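Let me begin by handing over the structure; questions about it come next.
The values are calculated or read from the model by the stated rules, or taken from the named source; none is laboratory data. Quick caveat: nothing in here was measured; it's all calculated off a predicted structure. Every residue, glycine among them, receives a Cβ derived from its backbone with ideal geometry; neighbour counts consider all protein chains shown. Keep in mind that these areas ignore ligands, DNA and RNA; they rest on the heavy atoms of the full protein, side chains included. Shrake-Rupley method; radii C 1.70, N 1.55, O 1.52, S 1.80 Å.
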Amino acid sequence: PSSRTMISFILMVNKQGQTRLSSYYEWLNMDERVALESEIIRKCLSRSELQCSFLEYRGYKVIYRRYASLFFIVGTKADVIAGGGAENNENELGLLEFIHTLVETMDKWAGSICELDIMYQLEQVHFLLDEMVMNGYVLDTNKSNILRPLDLIERESKKGDGVFR
């Protein structure tokens, strides 16, 4: 049987190793999340720029990319439906391209995306990510489609009698 792969988690981390955003698409209890995050972040941050941006850890295929002071980290695992022994055939270059598209979309939304944008507008960043990824599967990569609902919410919230106040 062909196995499907899915995104298990997306992390945005600064150079000091502090998580600025985490989004999980498979259930892990909080202790497992903390342990997994700290190990993966430590591994990604300790690698040099000359090393490739892919690594395997605890059954996850981890793809990461650094933009300025932020690391964007995506973890994948073979789909839960495919069973425990299924192979993870995820295309690493496809996920690198997804990370690049995510960063470009965030840049288009916030000007030039930085750590403070993520910290102070976390809800909007989660919303933007939710427009791109659903249940661990990439849903849309069209920047205009992704940003349209965010623009509508922002426009509506600026009105005095808007739905969002």
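What is the distance, in nm, between label points placed 7 Å from the Cα along the Cα-to-Cβ direction at residue 100 and at residue 55?
Inter-label distance under the simple model: 2.3 nm.
Another one. Give the lysines reachable from residue 143 as a straight Cα distance under 19 Å; neighbours fewer than 8 places away on the same chain don't count.
108
Can you tell me the accessible area per residue over the chain, all protein chains present, probe 1.4 angstrom, in square angstrom?
With the other protein chains kept in place, the chain gives 57 Å² per residue.
While we're looking at this one, here's another question. Ordering 64, 120, 137, 25 by accessible area with a probe of 1.4 Å, largest first, what comes out?
Greatest to least solvent exposure: 120, 137, 25, 64.
Per-residue ellipticity at 222 nm for the chain, helices alone: DSSP H runs ≥ 4 residues times -39500 (n - 2.57), over residue total, nearest 500 deg cm²/dmol?
Value at 222 nm, helices only: -13500 deg cm²/dmol.
Bin all alpha-carbon pair distances of the chain at 5 Å intervals from 0 and give each bin's fraction as a whole percent.
Whole-percent P(r) values from 0 Å outward: 1, 8, 17, 20, 20, 15, 9, 5, 3, 1, 0, 0.
Related question: Computing the accessible area with a 1.4 Å probe over protein heavy atoms, can you report the carbon and sulfur percentage for the chain?
Looking at the chain in its full context, I get 50 percent from C and S.
Under a straight-distance cross-link criterion of Cα-Cα below 18 Å, which lysines are reachable from residue 43, leaving out those fewer than 8 residues away in the same chain?
The qualifying lysines are 15, 61, 77.
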